[in-house]
Each structure stands twice: as C-alpha cells, then as structure tokens.
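Worksheet: the structure to be examined is printed underneath.
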Amino acid sequence: MIYAFLAVIIIAFILCAPVRAELSFKDQKASGKLYLWKIPIYKKSVKEKKGEGKTKNSPEEKVKTFEKSSKKLSERIKEFSELRRSTVRLIKKYIRLENVSVEILFGTGEAASTAIGIGLLWGAVYGVLGNLGRIIFVNKHDVKINPDYQKATFKTEGKCIIRSRIVYIIIIAITILIKIKFRRNKNG
C-alpha cells in the first residue's frame, strides 16, 4: 500500500516537472538542449550538410515527379491545417516561447541593394514572429538585423527557449495522435 502511494507521488512529481528546451542556430550549425528542473538531460548538435550527389532526369521525368509531389504536398497541407486549427488552443495555453533572439548580418557589397535587403529581412522576421505569436505565446523577443555595406555577407544567429510541463506535452501529443488517427480512419 505504501509503495503504491509512493509510486503515485513520484509519478505525479515527474509529470508536473518543468521542462525547458533551448534551440540555437549559428553559422549553419543547429544545436539544442533539453532541461528537466534546470538539469540538462539531452544535448544535440547538427551541422548542415552540403549538397550531395545530384541525379540527372529528363524534363518529362521532372514534370511527373513535380506533379506527384505537389499533389502529395497539397493533401498534406490540407491535413496539417485542419490539425493545426484544432490543437493551436492547447499549444498556446500550455507552451511558452521565451527569449527569442535573432541576429542577422546582411550585405551585398552595394549600399542600395543592401538597404532594400535589410528592409525585406525586417519584414520577413517580424512576419514570422507575428504568425508564431498566433500559435504559441511569445514572452520576449529581440531582433537585430545589421547591414554590412562593404562586402557580400549573410550570417545568422538565433536562439529561443521553450517552456512547458511534461504533463502538458503528453496531453498535447495524445490529442494530436487521436486527431491524426481519427482523420486517417475517416479518410479511408
């Protein structure tokens, strides 16, 4: 009896544990860390791969491949948008995105085109942050986009922290899995 009580308390303690994930991107290298009660439990670094061997296809094969992939993509996008609408409320309620920082150094070597590019980058970054704010609560963000008028440059650095509790992540995952299973059974 006492062991069952202790097991229930330990499980409840673990399920209510705060979880924090830190994601960062710098110089074409992504890394992530996962913390449970501020204790690091997982760390991963991935370096972006350069283009690997390309195959040559005839124009007809390229058109057929494009048509097949575009049909699959449109079906996937439709399924995803239906799933997104039903789970955004849960995600916004239980997951927080904190300390989003983006730093970009951009230059083309020419002042006029650099200025236009900087304006486009500001619009793109804040467009992404605005749309992200509709899905998940963004607590704090810091965006720095600096021009380099002297030479052609494009360097990015980004970092964000995602906070939640294990029980909320489990609830969201189960909800998503149930909705995916229901959609697949409904479609055939």
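See the values below:
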quantity	calculated
Out-of-range pairs (alpha-carbon distance over 24 Å; input Lys44/Lys72; Lys43/Lys92; Lys78/Lys186; Lys43/Lys78; Lys64/Lys181; Lys26/Lys144)	Lys44/Lys72; Lys43/Lys92; Lys43/Lys78; Lys64/Lys181
Gain on full stretching of the segment that runs from Leu120 to Asp148 - 0.36 nm per residue minus C-alpha separation	8.6 nm
Residue exposure sequence - Thr153, Thr114 - by fewest surrounding Cβ within 10 Å	Thr153, Thr114
Cα point-scatterer Debye curve for region 64-106, base-10 log of I(q)/I(0) at q = 0.14, 0.24 Å⁻¹	-0.64, -0.80
Two-site FRET efficiency, Lys181 against Gln28, from Cβ-Cβ distance with R₀ of 30 Å, rounded to 0.05	0.20
Separation of the Leu6 and Ile174 label points, Cα + 7 Å toward Cβ, nm	2.6 nm
Cβ-derived FRET efficiency at R0 35 Å, Leu129 paired with Ala17, nearest 0.05	0.75
Measure of compaction for region 132-176 (Cα Rg per 2.2 N^0.38 Å)	1.85
DSSP beta bridges in region 56-167 [antiparallel fraction, %, rounded to 5]	55 percent
Kirkwood Rh, Cα atoms: Rg over Rh of region 1-49	1.29
Two-decimal Rg/Rh across region 101-188, once Rg and the Kirkwood Rh are taken from alpha-carbon atoms	1.22
Student exercise, the chain dipole from Lys, Arg, Asp, Glu Cβ charges, in Debye to nearest 20	800 debye
Given charges at Cβ of Lys, Arg, Asp, Glu: the chain dipole, positive-most of Ile95, Pro147, Asn185	Asn185
Extended-chain gain in nm, criterion 0.36 nm per residue less alpha-carbon gap, Lys44 and Ala112	20.5 nm
Gaussian network model of the chain, Cα within-10 Å springs - most flexible of Ile77, Ile161, Ile172	Ile77
Full-stretch length increase - Lys78, Glu157 - with 0.36 nm per residue and alpha-carbon distance subtracted	25.2 nm
Volume per residue of the C-alpha convex hull in region 1-140, rounded to whole Å³	245 Å³
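Coordinate-derived values only; no laboratory data. In this text the structure is predicted, and so the values were computed from the model without any measurement. All Cβ positions, even for glycine, are placed from backbone atoms using ideal geometry, and neighbour counts span all protein chains on display.
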